[in-house]
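**Student:** First the structure, which I've put down as structure tokens, then a few questions once you've had a look.
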Amino acid sequence: MKVRIILLLMLVIPLIGKAHHEEEAMSPWVAGTVVTERDVAAYGIDKCFVAEEISDAVFARMWNKSYKTNCTVPRSELRYLRVLHRDNKGRILLGEMVCNQAIANDLVEIFRELYKAAYPIERMVLIDEYDADDERSMEQNNSSCFNFRTVAGTSRLSNHARGMAVDINTLYNPYYRPRANRPALVQPTNGRPYLNRKRKFPYKIVKGDLCYRLFIQHGFTWGGSWRNSKDYQHFEKNNK
């Protein structure tokens, strides 16, 4: 009997240790980390799609970057999202985003559906990792939301300043605005080749694809449908 118990423990203990190691791969949550299906199962899928109040640690990362000293949006109105996403190679990555509480549940549901469908999103880390520099973030194809800033080329606050706009796969879905007597404004600048929407390339958002449909179903509008400019990466929601 004792021999059987010892043999059983020899089989079980390594499995327990392995499961604990897999859970540790996702705690603490470090956006950009590549994980496995087994890691996700050990950690728990429901814990991978959540919206939380902004912790002191997250706020310290944001301070004087995306959350500037003149920011008029109360910290209490913002939420920190933990989500999973897959890149176009099928790898699972830990993602993060700060948004307005008004759209937090929408985004959690949208990103969970995109993950289930293996819709590719290459990178999703806080824009503060780029010192809240929008151009640098977009150049790296980073998907983000909150950044207290103005609309490019204007003095008007962007919907990103309220955390009510989301940019997805930014390099391959650039912003374009024609300007009189000057070259058109393209952001990011290295996204210019992807203004040709007839081309085939990874991470392209098109009208009718799953990303577009989910955001529209949740009441967002798409910048790719604008008349006077195009913002193919951009989804926004105007809650009154």
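**Student:** With every protein chain left in place, what is the accessible area per residue of the chain in square angstrom, probe 1.4 Å?
**Tutor:** Numbers: 12620 Å² over 240 residues.
In whole numbers, the chain has 53 Å² accessible per residue.
**Student:** Using a 1.4 Å probe on the protein heavy atoms, what percent of the accessible area of the chain belongs to carbon and sulfur?
**Tutor:** 53 percent
**Student:** If a cysteine in the chain has no other Cys Cβ under 4.7 Å from its own Cβ, put it on the list, ordered by number.
**Tutor:** Cys48, Cys71, Cys211
**Student:** Each residue of the range 135-142 in order: what ³J(HN,Hα) in whole Hz does its phi give by Karplus 6.51 cos²θ - 1.76 cosθ + 1.60, θ = phi - 60°, with x for Gly and Pro?
**Tutor:** Couplings: 4, 4, 5, 5, 4, 8, 6, 7 Hz.
**Student:** Oh, and also: For q = 0.08, 0.14, 0.16, 0.17 Å⁻¹, what log10 I(q)/I(0) does the chain give under the Debye formula with an equal point scatterer on each alpha carbon and no solvent?
**Tutor:** -0.34, -0.89, -1.14, -1.28
**Student:** Given R₀ = 25 Å, FRET efficiency for Asn88-Asp133 by Cβ-Cβ distance, to 0.05?
**Tutor:** Efficiency, rounded to the nearest 0.05: 0.50.
**Student:** How big, on average over all directions, is the shadow cast by the Cα convex hull of the range 86-132, in nm²? Display every interim value, and only then the final one.
**Tutor:** Numbers: hull surface 14.2 nm².
For the range 86-132, the mean projected area of the Cα convex hull comes to 3.6 nm².
**Student:** Same structure again: Note the angle between two axes, namely the Cα long axis of helix 2-24 and the longest principal axis of the Cα atoms of the chain, as a number of degrees from 0 to 90, rounded to the nearest 10.
**Tutor:** For helix 2-24, the angle is close to 10 degrees.
**Student:** A further question follows. Relative contact order of the chain: what whole-number percent is it, with Cα pairs under 8 angstrom and at least 6 residues apart?
**Tutor:** In percent, rounded to a whole number, it is 15.
**Student:** Against the 2.2 N^0.38 Å scaling, with N counting residues, where does the range 50-166 land? I'd like the Cα-based Rg ratio to two decimal places.
**Tutor:** So the range 50-166 has a normalised radius of gyration of 1.02.
**Student:** A further question follows. Name the most mobile residue of Asp39, Asp56, Asp134, meaning the one with the largest mean-square fluctuation, in a Gaussian network model of the chain with Cα contacts below 10 Å.
**Tutor:** Looking only at Asp39, Asp56, Asp134, the biggest GNM fluctuation is shown by Asp56.
**Student:** Let me ask something additional. For the range 170-240 and the range 45-114, write down the distance between their C-alpha centroids in whole Å.
**Tutor:** 21 Å
The values are calculated or read from the model by the stated rules, or taken from the named source; none is laboratory data. Here the structure is a predicted model, which is why all the values come from computation and not from measurement. Positions of Cβ are backbone-derived with ideal geometry, glycine not excepted, and every protein chain shown enters the neighbour counts. The area values use the complete protein model at the heavy-atom level, side chains included, leaving out ligands, DNA and RNA. Shrake-Rupley method; radii C 1.70, N 1.55, O 1.52, S 1.80 Å.
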